[in-house]
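Peer 1: Before I ask anything, let me first share the structure, which is written out below as C-alpha cells.
All of the numbers you see were taken from the coordinates with simple rules; none came from a lab. Being a predicted model, the structure only gives us computed values, none of them experimental. Neighbour counts are summed over all protein chains in view; Cβ atoms, including those assigned to glycine, are modelled from backbone coordinates with ideal geometry.
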C-alpha cells in the first residue's frame, strides 16, 4: 500500500513511517520542518530513510495547497495519515491565528486534495485537549467537546467537524484519533517528560505548575503506533472518533518521582502557578478503541519511561 503521512518528520509521524516501511509499504512524507523546536531533531528522525526506495520526502507546508496538490497529482495514495499541525497548548494562546491557519486551513487543504484526487481514507490526529476541563471520571468519545480552553484545542475540535463534513459530502472515510499525551523516543523537547529529564540530567530546577496533582493519561509511542495502524485498516464505518490512551493516569508529582527513580537522580523542584490553557486532568476511556480496533495499550508508565530514558541517554548530548 502507498501512504501519505503529513507531519512525517515529527515524533509520531517519523516513528509511524519507520513501522510502515518495515511492514513493506510505500511511504510519502510531507513536513515543513518548521522551527517550533530544533529542526536538527526532525532531520535526524528522517535521515536513515532518505535512501530507501520506498520512502519519499517533500519539504512542503500543508498551508500551500498548490504544492500539496502537486504531490497528490504525482502519486496515487491508498490513505492519508494527517498528523501535521502546529503543536503546543501554551504557545497557541500567544499566536492563535497561526494555529487556525496551520491546523484548520491545512486540514481543509489536505481534505480538498483527497477529494480532487480520489483518496478515500483519512486517519486524522486529534487530541485529548478537546475535552477541556472535563469533570467526568473517564473521557469517552460521546462527551460534549464544546468548551475547549485553548486555541490549540479549539482547532482540533473544529478539524474533527470539518473531517465529518468532507466525509458527508465526498464519501471520504475518516477515523479521528484523540491522542492522550504521547511519550517515548523522539518525543518533542518541549514536552514535560523530555524537558524534565533534560533538566534533571543537567542538575537544573524543574518548574512544577500547580501543586503536582494535575493528571495526564500518558501513552507510550508503540501503543499509539499500533492504534494508528489499526485505524488505517478499519473499514466497518465511514466516520469515527476514537480515543487512544494509556489507561494509566499519572499525577505530575508521580511523573517526576518516576523520572527520579529511573534516572537515579533527584529533581530540584520549583513550584509555579497553574498556566492558562492547561487542563486539570486527562483520563482516557479506550473501550471504543478496543472494540473497533482491537487496541490494548500494553506499556506501563515506568516501563515506558525506562525505554525513553535509555533512548535519550544514547541519542541526546547531555
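Peer 1: For segment 107-201, take N as its residue count and report Rg(C-alpha) divided by 2.2 N^0.38 Å. Please list the in-between numbers first.
Peer 2: Details: Rg = 16.2 Å, N = 95, 2.2 N^0.38 = 12.4 Å.
Dividing the Cα Rg of segment 107-201 by 2.2 N^0.38 Å gives 1.31.
Peer 1: Can you tell me the length gained on complete extension of the stretch residue 201 to residue 47, counting 0.36 nm per residue apart and subtracting the Cα distance? Intermediate results must be reported in sequence, preceding the final value.
Peer 2: Numbers: separation 154, 0.36 × 154 = 55.44 nm, distance 2.67 nm.
This chain segment gains 52.8 nm when fully extended.
Peer 1: State, to one decimal in nm², a quarter of the convex hull surface area for the C-alpha atoms of segment 177-230, i.e. the direction-averaged projected area.
Peer 2: Values: hull surface 18.2 nm².
Mean shadow area of the hull around the Cα atoms is 4.5 nm².
Peer 1: Quick check: Cα centre of segment 1-77 to Cα centre of segment 255-318, how many Å?
Peer 2: Rounded to whole Å, the Cα centres lie 26 Å apart.
Peer 1: Within 10 Å, count the other beta carbons around each residue, average over each peptide in 60-66, 27-33, and list them highest first. Don't jump to the answer; show the numbers that get you there.
Peer 2: Details: 60-66: 16.9, 27-33: 22.9.
Put in order of decreasing packing, that is 27-33, 60-66.
Peer 1: Let me ask another. Could you list the residues of segment 217-257 with an amide nitrogen less than 19 Å from a label point located 7 Å from the Cα of residue 164 in the Cα-to-C-beta direction?
Peer 2: 236-244, by backbone N distance to the label point.
Peer 1: So what's the angle, to the nearest 10 degrees on a 0 to 90 scale, between helix 252-263 and the longest Cα principal axis of the chain?
Peer 2: In the chain, helix 252-263 runs at an angle near 80 degrees to the longest axis.
Peer 1: How far, in degrees from 0 to 90, does helix 221-233 lean away from the longest principal axis of the Cα atoms of the chain, to the nearest 10?
Peer 2: 20 degrees
Peer 1: Moving on. Contour minus end-to-end for residue 269 and residue 38, with contour as 0.36 nm per residue of separation and end-to-end as the Cα-Cα distance?
Peer 2: Working: separation 231, 0.36 × 231 = 83.16 nm, distance 2.54 nm.
This chain segment gains 80.6 nm when fully extended.
Peer 1: For every helix of n ≥ 4 consecutive DSSP H residues, a contribution of -39,500 (n - 2.57) applies; sum these over the chain, divide by its total residues, and give [θ] at 222 nm rounded to the nearest 500 deg cm²/dmol. Don't jump to the answer; show the numbers that get you there.
Peer 2: Numbers: 12 runs with 130 residues, N = 318.
So the helix-based figure for the chain works out to -12500 deg cm²/dmol.
Peer 1: Sorted by average packing, counted as other Cβ atoms within 10 angstrom per residue and highest first, what order do 91-104, 179-192, 269-282, 215-228 take? Mind dumping the intermediate values first?
Peer 2: On the way: 91-104: 16.9, 179-192: 20.8, 269-282: 14.0, 215-228: 23.4.
With the highest mean Cβ count within 10 Å placed first, the list reads 215-228, 179-192, 91-104, 269-282.
Peer 1: Still on this structure, I have one more. Quick check on packing: order 247-253, 234-240 by the mean number of other C-beta atoms within 10 Å, highest mean leading. Present the calculation step by step, with values, prior to reporting the outcome.
Peer 2: Numbers: 247-253: 18.1, 234-240: 13.1.
Going from most to least packed, we get 247-253, 234-240.
Peer 1: Calculate the all-directions average of the projected area of segment 2-315's alpha-carbon convex hull, and give it in nm². Walk me through the numbers before you get to the answer.
Peer 2: Values: hull surface 60.2 nm².
Computing the convex hull of the Cα atoms and averaging its projections yields 15.0 nm².
Peer 1: Same structure, new question: Once label points are set 7 Å from the Cα along Cα→Cβ at both residue 306 and residue 54, what is their separation, rounded to one decimal in nm?
Peer 2: 3.2 nm
Peer 1: Rounded, prolate or oblate: which one fits segment 216-274, using the alpha carbon gyration tensor with axes a ≥ b ≥ c (rounded when a/c is under 1.5, else prolate when a/b beats b/c, else oblate)? Let's see the in-between values first.
Peer 2: Values: a/c = 4.67, a/b = 2.48, b/c = 1.89.
Verdict is prolate for segment 216-274.
Peer 1: What angle, in degrees between 0 and 90 and rounded to the nearest 10, separates the Cα long axis of helix 11-22 from the longest principal axis of the Cα atoms of the chain?
Peer 2: Tilt of helix 11-22: around 60 degrees.
Peer 1: Next question, about the same structure. Roughly how many nanometres apart are two label points built 7 Å out from the Cα toward the Cβ at residue 236 and residue 64?
Peer 2: Placing both labels 7 Å along Cα→Cβ, they lie 4.1 nm apart.
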